[in-house]
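Everything below concerns the one structure shown next.
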Amino acid sequence: MTHRIPWILIVFLAALCVPWLGSRFYTFLATDIAILALFAMSLNLLLGYTGLVSFGHAAYFGIGAYTCAILMQTAGVPFVFSFAAAGLVAGFFALVFGVFCVRLTKIYFAMLTLAFAQITWAICFKWNDVTGGEQGFSGVPLPDLSLMAAIPGLGGFRPPERFYFVVLALVALSFVVLRRIVESPFGRMLTVIRENPERAEFIGLHVRRYELAAFVLAGLFAGLAGALFGIFNRGVFPDLLYWTKSAEVLIMTLLGGMGSFWGPAVGALVLTLLNQQITAYTQYWPLVLGSVLIVLLFVFPGGIVGALSAAARRLRRA
Amino acid sequence: MRVRRLLGAACAFAGVLPFAAAAQDIKVGFPMILSGPGALSGEPALRGAEMLVEEVNAAGGVLNGRKLRLIARDTKGAADEAVRVAREMILKDEVNFLVGTFTSAEGPAVSPIAKENQIVFIAPVTKTDQLTAPDKLHPYVFRTASTTTIEGRSAAELAAKLPNVKRVATMTQDYAYGQDTAKAFLDHLKKLRPDIEVVDQQWPKLGEADYTPFINAQMAKKPDAVFSSLWGGHFVTFAKQAKPLGYFDAIKNNFIGAGEAGAIETAKAMGSDYPAGIWANSYDISNWESGPQSHKDYIARLRKFTKDENPSSWPITGYVAMQALVAGIKKANSIDSDKVAKALLDITFDAPTGQITLRGKDHNANRGQFWGLMVMDPKYPFAVMAEANYLEPTKFMD
């Protein structure tokens, strides 16, 4: 980092203002974006930092969502524990699947992540007693946030807005941890592996082990995002684990720019708003969205953030 | 990020403005599958709702001239997207009611959203019993669709009357809808005909491409009759593979195809390949000769509205759901969801197929389907339902 601007804090404070804009719709949109931003950021730990293309990242998002929803709804476990459990369970599955995945490289790695994700999807789709099968789980309760009433200024808000504050705080916290991870020596090693895995091996890095660690961390944060999404969405469904969801998060990351820390979050923001605006006006949204994406990807090969920072550099030089 | 969000907010706000001008309209949100393969059914369901809106508005609207306005949004066939658009329509477009959703995942997913926003939600297509199960039922959710229980039991009523049937088998997909219909069918059949034996149950997966192993395994058990709930394109794939293997001949066409295997879309898709002689169901048919005048009039209007001589069987789903809503608004004399929800309990209205009642105890309609023998009629280039029978389900609903 060349200049120490506390971006996380700035964005966090700006996002905090959304409920005061007056429309519940903006709060709802902002919650969606914040959660998906975390999901995309977790993928970027693999994609942008370690150079591993995962086609099955939605599996961990879905596992987190199911874990949290099942614990909260069926077992009545409080949100704090369910949320933590969602991350741990997703991380555990990432470990189990990752052990196999990191044995392969490039497209084989990608295909294996996809295979594991589809297996997980099939289990969620079929295991009626636990996951609710095709219909999933609906009516996941909002966490009990009555404590927030005691905080001055927040007492007047309705539960969805209170939940937004919780989401924002948890996502910001996750961003801080992710930033710490990528800037730590461990994170730097991941970058080395991305740039040149053979060389990394030669200088004595246990490449597979590092890749596995990145895989587990990415799965863990995806699980946390999934837990929040399940509550926000009031239900979890097998769709959340389907490969289309994995593709969606991959697009977010590429669109925003996998080369920068904030890229995936910007991608999540842009894709969510694009989707919302376009589907509101036409049912031929795949055509419009596809065209917009093609243009964006061709004009900004480094993603939106990549293009912006290139422009900023050029301005500074001029 | 903040700037972008403000930009988005500005765009969203600009989108709201035109709606604010026509505050007199009663806005109905219609989340429906409008893209992908499901659009083949979702799109016509929306057309049916549009037709009713046009008719009601042409007759002067409701509540002293207030017009109905339909706001349709694509759910992409995904439950989370259905939740997203439902919320958006409630929060941004400020719709007064929700009518819509298609799959058995979408309906139960949107139901809690209707509950927490206290908005009446009527499901026109979703059949799963889960939607109105006692632990999921709330004052605002209603269904004008048939249910898996009704569908399975209707098929059982039919099967029980087939001559010389002692050995029964099922061919249903291995997920909630297939499992629920098969169970409803077998449980009811055992009650009606304790002498019947269940000899085989095949569970192909949803989206199976090769049914041959399932077909062969089932034929080896020599059933006299088969119940299936393969729907839409799945039935087409299955029947095309089963016919050359002599499957339908082996069971003497004692095949009962639920899941709208008798729908005109399916018949059109298969043309002369359709296994004529089987029994199947459909939400609607355009050749109900013995039906009431109201249905004949409805079909005539639908032909004009859709400019299709053999209109789809799906518009009636959207049409009837909107009819229920309009009846509720009129009875409540208000667009307040709490009042309309109360008015909808035990309400009876005149659907094209006859009177329909939304039962107060479980918010389900006594919505039957057409069941009949599928035959090739020289008047049509595809199979049609002969002597169609609208099975009124009241007597075998719980």
remark   = Residue-normalised value, i.e. accessible area per residue, for the range B:195-301 at 1.4 Å probe, in Å², stands at 39 Å²
key: Threshold 30 Å², the range B:84-101 residues less accessible with all protein chains present than alone (1.4 Å probe)   = B:ARG84, B:ARG87, B:GLU88, B:LEU91, B:LYS92
message = With n ≥ 4 as the cut-off for DSSP H runs, can you work out [θ] at 222 nm for chain A, using -39500 (n - 2.57) per run divided by the number of residues, rounded to the nearest 500?
response = -23500 deg cm²/dmol
inquiry  = Do any residues of the range A:118-157 show a loss of at least 10 square angstrom of accessible area between the isolated chain and the full protein assembly, using a 1.4 Å probe, and if so which?
reply    = A:PHE125, A:LYS126, A:ASN128, A:GLU134, A:GLN135, A:SER138, A:GLY139
inquiry  = Output the 0 to 90 degree angle, nearest 10, between the alpha-carbon long axis of helix B:232-242 and the longest principal axis computed from the alpha carbons of chain B.
reply    = 10 degrees
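Using a/c under 1.5 as the rounded threshold, could you call chain A rounded, prolate or oblate? The axes a ≥ b ≥ c are square roots of the C-alpha gyration tensor eigenvalues, and prolate needs a/b larger than b/c, oblate otherwise.
Rounded shape, in that the Cα axes give a/c under 1.5.
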request  = Check every DSSP H run in chain A and write down those whose alpha carbon atoms cover 24 angstrom or more along the long axis and whose mean Kyte-Doolittle hydropathy is -0.5 or greater.
outcome  = A:24-44, A:79-101, A:106-126, A:159-183, A:207-232, A:263-281
request  = Sticking with the crude label model, points 7 Å out along Cα→Cβ, report the distance from B:ALA160 to B:LYS268 in nm, one decimal please.
outcome  = 3.6 nm
message = Going by average Cβ density within 10 Å per residue, which order do the peptides B:101-112, A:305-316 take, highest to lowest?
response = B:101-112, A:305-316
inquiry  = Can you give me the angle between helix B:2-21 and the longest principal axis of chain B, using Cα atoms only, in degrees from 0 to 90, rounded to the nearest 10?
reply    = 90 degrees
query = Mean residue ellipticity at 222 nm from the helices of chain B, using -39,500 (n - 2.57) per DSSP H segment of n ≥ 4 over the full residue count, to the nearest 500 deg cm²/dmol?
reply = -13500 deg cm²/dmol
task = Report the antiparallel proportion of the DSSP beta bridges in the protein assembly as shown as a percent, rounded to a multiple of 5.
result = 40 percent
request  = Could you pull the accessible area for B:HIS188 with a 1.4 Å probe, rounded to 10 Å²?
outcome  = 20 Å²
Nitroxide proxy distance, nm - points 7 Å out along Cα→Cβ at A:PHE81 and A:ASN128 = 3.1 nm
Computed E for A:ILE10/B:SER294 - FRET, C-beta separation, R0 51 angstrom, nearest 0.05 = 0.20
ask   = Between B:GLN355 and B:LYS330, what is the spin-label point distance in nm, taking each point 7 Å from the Cα along the Cα→C-beta axis?
value = 1.5 nm
ask   = Which residues of the range A:24-65 bury at least 50 Å² of accessible area once all protein chains are present, versus their chain alone (1.4 Å probe)?
value = A:ARG24, A:PHE25, A:TYR26, A:PHE28
remark   = In the range A:89-248 the accessible area split gives carbon plus sulfur, as whole percent at 1.4 Å, a share of 68 percent
inquiry  = Could you tell me how far the Cα centroid of the range B:208-246 sits from the Cα centroid of the range B:362-383, in Å?
reply    = 20 Å
message = As a test of the definition: with a 1.4 Å probe, what buried accessible area, both sides summed, do you compute for A against B, in Å² to the nearest 100?
response = 4000 Å²
inquiry  = What is the angle, in °, between the Cα long axis of helix B:293-306 and the longest principal axis of the Cα atoms in chain B? Nearest 10 is fine, range 0 to 90.
reply    = 70 degrees
ask   = Taking a point 7 angstrom from the Cα of A:VAL177 along the C-beta vector, which residues in the range A:202-233 have backbone N less than 19 Å away?
value = A:211-232
key: Å² of accessible area per residue within the range A:7-243, as computed with a 1.4 Å probe and no ligands counted   = 41 Å²
ask   = Where the accessible area of chain B is counted over protein heavy atoms with a 1.4 Å probe, how much of it, in %, is carbon and sulfur?
value = 55 percent
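The values are calculated or read from the model by the stated rules, or taken from the named source; none is laboratory data. All values reported here derive from a predicted model rather than from experimental measurement. FYI the Cβ positions are ideal-geometry reconstructions off the backbone, even for glycines, and counts take in every protein chain you see. These area figures cover heavy atoms from the full protein model, side chains too; ligands, DNA and RNA do not enter into them. Shrake-Rupley method; radii C 1.70, N 1.55, O 1.52, S 1.80 Å.
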